[in-house]
Each structure stands twice: as C-alpha cells, then as structure tokens.
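As structure tokens, the structure follows; a few thoughts come after it.
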C-alpha cells in the first residue's frame, strides 16, 4: 500500500517528473503521427500502384507480342479456375507524344496502352481515376459534351468547337493579310481581270480591308468565306455541271474529267468542329503544371492540354522490324491516379486501333496480338499460389512470358517504402530511448533526493523489494501517464492534421505537403490500433527499464547511511 | 516465528539467574529483553578503519527505561542501530527474546523492525509527502498488503487517531510534516513508533533537537509508556538529567562500557 501511495505522491509532488512525462508524451505522439501518416501514404500508394496493374500480369518481354491471345486467356482461366474474376488484353508500347501549347512545341516520351473498353475497367481500378463522370461508369474514347472536372476549365466538345472557330478565323485573317500583301506587291504582275471576277461576299471587316487597295488604285481580290466552305453545294454544282451536256462557252471553262472526280461529301471531310481523331486518354500530369505564386505561395493549375485538343503520337510498328509511324489523336479525358509515375507517362487508346496502327492484326484470322494479359482474381484468392499455377501452366522454357503479381512489378518501391518505415521507426524509438535516459537521470536525482525517505521506510521494516517497487511503480506510472497523454495528443494531431498543416503553412509560408509533388489534396492517415498499442507498450517498457537502475540503487541502500544522508 | 529465531541462549533467560556479562547495574530481577555480547563495530572512512564499538556487553531488562549515555562519537547511536537491526555488528552477538537477531536474514530483520521494535530518531524522520495520519499509518501499510490493509483501514485509522490524540496531535491529522513544529514532529514519530504495538522502543536522542519544554514533554511521554504499558524503552541521550530518570544507564566511553 505504501508503495502505491508514495509512487502517487512522488508523481504529484515532483514536478521534475513532468519533464520525463512530456518527453515520453512527445515521443509517443510523434511515433503515432508518423506511423499513421506513413500508413496512410503507403495504403494510398499501394492502392494506386495496384490500381492499374491488376493482380497478375502475363506479359511478353520487351516489345514482344503474345500471339493467339484468346487461346492464352482460355488457358489462364483453365489453370486458375474459379479464382479468376476477369481478364483483359493490352498492348503496351513506348511512344512519343507531340503537341503545341502557346506556339511552343512539347514532345515527351509516354507509355502508350491499348486497352479494351469492355474489359479493362473490370480488371483494374482504371475508371474511378478518370476525370470525366460519364467515363467513370462506361469507358469510351469519344469526346464528351459534358461531365468533365470543373478544375480543367472549358473542355470537351464546346471547347473544341470554339477552338476550331478561332483557328478558322485566324487562318482567314492570315490569308486575308497574305492576299493584301500580294496585291500590293509592286513586283507581282497586276491582273485587273482577276480582281473583277472575285466574289465579294466578305464580312464588313474584309470589305474594308479590300476597299483600301481599291481606293489607292490597287486590285480587288476574293475574300474567304466566313464559314466552312459548303462542300455539298460545290459538289451539287459540280455534279450538275457534269450531268449537262457541255454548253457552248469558253474552252477554258470546260472540264472533261469532271464526272471522274470523286464525289466529296461534306460529312466525309474532317471538320475539327464536328469530328475527332482517335480518342486518347492522357495521364493528368502530362498536361497539368502547378504554378506557385512567389508572393502569396498559392498554387494554381495550368493545363497544357484539355479534352478536345489534338495531339500527335509517334510509335513503332509491331513485328520483327519496327518502323516509326505517326498518328493524330484527340484528347478525350485525363487519367489521374495521383501516382506521379503513372500520371506523367501513361496514355491510353483503344486496343483495336493500336493493334491496327502497329500492324498486329493477323490478316487471316482478324485476331490481334497483344503485349500482355492482365488477370483480376477474386478477393479471397491467394496471389502467390495463383502465380505459381500460371508458372506451371506456362513454363518459362516453353513460353517466354513474364508472369508477375502487381507486388513483383512494384517490388523496388514497396521494398524501399518498407525499409523507410522500419528505419523511421528505429530512429523514432531512439527518440523515446533518449527520453528514457532523461527518465533515468531524473530518477537518479529523485532517488538521491529521497535517500532519507528510503532510510525511514527501511527503519520501519520495509523490505528492499518494496522500496524498489516504489520507484518501479513510479517509472510505470510515468510511462503510462506519458504514453496515455502521447496517444491522446498523437490521435488529436492525426485527426486534425490537415488543419495543422494549414496553420504551419500559414506560419512558415511554405506548403507542408506540396500538392505539386504529392498530388494529395489531403494528407492521408490510417491509425492502426495495434501500432498504437505497441508504441504505448514500448514507451512504458523503456520508462520501466530506465527506472530499474535507480530503483536497484534505492533497494541496496544501507538504512543507517540513508538515514544519515544530508 | 521461525526455527532460526527460536535458538536459545543457554542461561540467558533471567538476568538474576544468568551470569552477568555486562556491567549494567540491575536493581530488580527482571527478564532480559535484549542482550548484547562482545559487540564490535567499525566504519571504514577513506580506507581507514575507524573502530566505534570495541566489545560492548549489555543487557536491557524487559519493561525498563534504559538510557545509553556518552559523549558525541562514543558509539551510542551505532549501538542503538545495532540493537534495532538497522546495522549488523562486525563481531559479537545481539539477542532479543531469547533469539539471536544480528545474523538473521534481511527479511526477518525487516519483520522485527516492523513488529517488535519502534524506532524514534533525533531528526524525527517523517515522510514529507505524507500527512501526519499517513505517517503514523505507514508501518501498518508496510506490514500488510494492499487488500489486507484496506480491510483493516478503519481500525488502523482509529488507532492512529487515538495515538495522535494521546500525544496531543488530534488536530493535526491532515497536516504535512513541514507544517508542524519540532516537538509536534517528534510526537508524531512517537505515535508512528507505537502504531504496530512494539515491545521495545528504541529512541535515538529524541529530545536532542527540541527545546527544554518540548524535550521534557517527549521524555514524559516515553516514561509514561514505559511505566504504564511496561514498554521496554532504550534511549540514547547525552543529557545526564534525562539519564537520571532512567531505570538503568549504559555509559559508553570511547566504544566501551564505562
């Protein structure tokens, strides 16, 4: 009883013990915060890493191809049986992406994926990471009228139409200027006949532009139509001209081959205001740049590309002698997994189109080769066992495929993160160990200070073990109070971590977790109860260990010497 | 009591019948409570052996007030500590209740100090973190485990209050030692020493740090205890006046009985 009473009284009256409690509290709180944030980061990262990689991937090495993929898929399903949830075929090839922004040419390397609209979303968590709402439920490579994320600004068909109109107007103005320059060029032969036959249906601005050279004795020239040329009307006119028997007229107007010329219909012509190229989904980071205002420190988004813009891609064809080919594509959406590695290099287009482009389709069977088969297993399936089954079914000697789980593929980064967590925990536990030495020093002081009390207790018949347990109990109490306060502080910190990050940013003027680097809108945290228990137990253990030596010293103290101590 | 404690000292049950080894004058034939035989004790100070007791023989009769007197450094306190098992002699024997106690295991010596002996010191030695009442109750807390103590708490508190009332401190139960005067602290220490109903009270200059009035009051309390409750009191003092009121006097000069 006296042990409990004295431990409690020492805890209440020795304020130096507060220093030990605070050091334990801070150590425990730091460990909980760091572990929670790390666990949040890791979980988020694993989800994203896993997201696009399915569970198991059977891939041809390098730029190689898997022939007869349907037969392989059947074999995979036969080998794994009920464990398979879905499979998909993909083509993956490095490519160059080329586009213009503000007159500047951007070229960068990308990893181009050909994906199947039907099955790819079932195998990996691809759809939730698309920015367009409509595509999150049903994947398509068509540009959408609406459903895009508001932060992208104006995009989709309305943006494309507007852009096409502006480009057309720019082109019209450019041509106008060129013609003006040509007409006023003193070295160019002047032809009055040409000018008079010109059809002047130009807009008022064009008319004004035309009027000036005329006034100065210059020439008149045809203005461009304000709209896309009505090709249909031209065709009808041409057809009519072709049908009627050649009318008497100037020889030069006669076109004997008019009926042989192809009939061009308006809808057959590519009209950027109405048509799109092959749809391509780009990683958001390819387009997105974060700008940081140096004065306010605020970040703003700039998009080099938006859904509705056109890009060019250059990629190698398939087969044994790859040749470069180029293709126009229209950006239809962005992929934003928040994994910078993926978002800055991945681009997706329809599987069939990519197979056609690369010449991977067998002309006889119509079946296209693929780069890899991705397999999604049922949640309860054992990943490693499934991989082994596939390796048995496709022995490496016969079929040179790389069969890897998503963890195998991301092994380097997962191992690095695990190592990082381990080292961080060791370092942080060392901090608590430092706190432990603080407790040791404090306890030694308290034991010295309480030497006379120890003598008194011994003179009253208290055994050495009892005296020792006063100080051990004191250590446990310090550890427990410190750990308890540390848990509360740590959990409160984790709970309000984003608000705290805002406050730190406000004070220091620097972003704590720069979204330009991490692509996190919020700091992810996961509190693992087991970790909390371990941290608390560890810190109490350290506090007890630190109090053992002083307690032993107290227990061994000679009662007479203790009583005489001044 | 264990078998080791039951070892008997032949011919040492009665001071009148036994051979007198000490030179303590005994006026009445009383049973012997404690006996020291050839006690030697020295301290080591910076590798120099300093002898304090050089073969002390003494007998303390049951229910008597024995004063150990001598000048400073004569070994009075050391002798008292040895009698109270706070320390062990280098040579010689100490007997209590017909058992040798100087070579007992630590646990049994703790037991003796807790149940049989009550110790009072010159500088009171109260625990500063505890109240007056708690200080008195400490020996009971040491004696019993948590549950056993809590079960008897009421009767213990009643007894402690009664003892404190007896020494005139019933109004000071909740005070801390630093709120008491020297005399009050010493009276608290007496109450604490009496709490476990000891058979021997060992007091090391209990009046040495008090003014005459308080000193007299403490002395009277001790004398009353001895006379009324037949408590054996051994008191170290250098005050000859106090020694005069004792039943027996052990005079120490330079580590020997004079």
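The values are calculated or read from the model by the stated rules, or taken from the named source; none is laboratory data. Everything quoted here is computed from the prediction, not taken from an experiment. All Cβ positions, even for glycine, are placed from backbone atoms using ideal geometry, and neighbour counts span all protein chains on display.
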Please go through (1) under 21 Å from the mean Cα position of the chain (by Cα); (2) buried (at least 18 other Cβ atoms within 10 Å of the Cβ); (3) more than 15 Å from residue A:524 (Cβ to Cβ) for residue A:94 and return the number of the only condition it doesn't satisfy. (2)
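Using the structure shown, decide if residue A:547 is closer than 30 Å to residue B:107 by Cα, more than 14 Å from every other protein chain (Cβ to nearest Cβ) and at pLDDT 85 or above. Can you show your working first?
On the way: closer than 30 Å to residue B:107 by Cα: yes; more than 14 Å from every other protein chain (Cβ to nearest Cβ): yes; at pLDDT 85 or above: yes.
Here the answer is yes, as residue A:547 does meet what is asked.
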Select from segment B:135-150 the residues that are facing another protein chain (nearest Cβ under 7 Å) and either closer than 24 Å to residue B:207 by Cα or in contact with a strand residue (DSSP E or B) (Cβ under 8 Å, 6 or more places away or on another chain) (or both) and list them in ascending order. B:138, B:139
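Can you pull out every residue in segment A:447-458 that is within 14 Å of another protein chain (Cβ to nearest Cβ), buried (at least 20 other Cβ atoms within 10 Å of the Cβ) and part of a helix (DSSP H, G or I)? Don't jump to the end; show me each part of the working.
To start, the set of residues in segment A:447-458 that are within 14 Å of another protein chain (Cβ to nearest Cβ) comprises A:449-458.
This time we only want the ones that are buried (at least 20 other Cβ atoms within 10 Å of the Cβ), so: A:450, A:453-458.
Correct list: A:453, A:454, A:455, A:456, A:457, A:458.
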Among the numbered criteria (1) more than 14 Å from chain B (Cβ to nearest Cβ); (2) buried (at least 18 other Cβ atoms within 10 Å of the Cβ); (3) under 28 Å from residue B:129 (Cβ atoms), which one does residue A:22 miss? (2)
If I filter segment B:167-190 for residues that are facing chain A (nearest Cβ under 10 Å), under 20 Å from the mean Cα position of the chain (by Cα) and crowded, with 24+ Cβ neighbours inside 10 Å, do I get at least one hit? yes
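Only one of A:112, A:80 is closer than 16 Å to residue A:369 by Cβ and crowded, with 19+ Cβ neighbours inside 10 Å. Can you tell me which? Walk me through it before giving the result.
Numbers: A:80 fails: closer than 16 Å to residue A:369 by Cβ.
Within the list A:112, A:80, the selection yields A:112.
Residue A:70: more than 16 Å from residue A:347 (Cβ to Cβ) and modelled with pLDDT of 90 or more, yes or no?
Values: more than 16 Å from residue A:347 (Cβ to Cβ): yes; modelled with pLDDT of 90 or more: yes.
Criteria met by residue A:70.
Can you find, within segment A:30-60, the residue that is farthest from the other protein chains (Cβ to nearest Cβ) among those that are more than 20 Å from residue A:423 (Cβ to Cβ) and in a helix (DSSP H, G or I)? Reasoning before the result, please.
Here is the first cut: in segment A:30-60, the residues more than 20 Å from residue A:423 (Cβ to Cβ) are A:44, A:47-60.
Filter once more, so that each one left must be in a helix (DSSP H, G or I): A:44, A:47-53.
Values: A:44: 50, A:47: 52, A:48: 55, A:49: 55, A:50: 55, A:51: 58, A:52: 62, A:53: 60 Å.
Result: A:52.
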Please verify whether segment A:419-440 includes one or more residues that are assigned by TED's automatic domain parsing to the domain that holds residue A:527, more than 33 Å from the chain's Cα centre (by Cα) and not in a helix (DSSP H, G or I). no
Can you tell me which condition residue A:305 does not meet? The list is (1) assigned to a helix (DSSP H, G or I); (2) in contact with a helix residue (DSSP H, G or I) (Cβ under 7 Å, 6 or more places away or on another chain), and all the others hold. (1)
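What strands (runs of 3 or more DSSP E) completely inside segment B:65-177 contain at least 3 residues that are farther than 16 Å from residue B:235 by Cα? Reasoning before the result, please.
Working: elements: B:65-70, B:91-96, B:117-120.
In segment B:65-177, the matching strands (runs of 3 or more DSSP E) lie at B:91-96.
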Do you know which residues across segment B:191-216 are buried (at least 17 other Cβ atoms within 10 Å of the Cβ) and assigned to a helix (DSSP H, G or I)? B:191, B:192, B:193, B:194, B:214, B:215
Going through segment A:332-348 one residue at a time, which ones are farther than 18 Å from residue A:94 by Cα and in contact with a strand residue (DSSP E or B) (Cβ under 7 Å, 6 or more places away or on another chain)? A:332, A:333, A:334
Exception for residue A:486 within (1) away from chain B (no Cβ under 14 Å); (2) assigned to a helix (DSSP H, G or I); (3) surrounded by fewer than 17 Cβ atoms within 10 Å (Cβ to Cβ); (4) touching a residue at least 60 places away in the same chain (Cβ under 8 Å) falls at (3)
With the structure loaded, tell me whether residue B:85 is at positive phi and within 14 Å of chain A (Cβ to nearest Cβ) or whether it fails that test. yes
Take residues that are within 21 Å of the chain's Cα centre (by Cα) and crowded, with 21+ Cβ neighbours inside 10 Å and tell me which of the strands (runs of 3 or more DSSP E) falling wholly in segment A:308-415 contain 3 or more. A:324-335, A:346-350
First in segment B:101-118 and more than 8 Å from chain A (Cβ to nearest Cβ), second anywhere and surrounded by fewer than 22 Cβ atoms within 10 Å (Cβ to Cβ) and in a helix (DSSP H, G or I), Cβ under 6 Å, 6 or more apart: none
Complete set of residues in segment A:116-137 that are free of Cβ contacts under 8 Å to residues at least 24 places away in the same chain and more than 23 Å from residue A:55 (Cβ to Cβ): A:133, A:134
Selection count, segment B:36-52, where residues are modelled with pLDDT of 90 or more and touching a helix residue (DSSP H, G or I) at 6+ places or on another chain (Cβ under 8 Å): 3
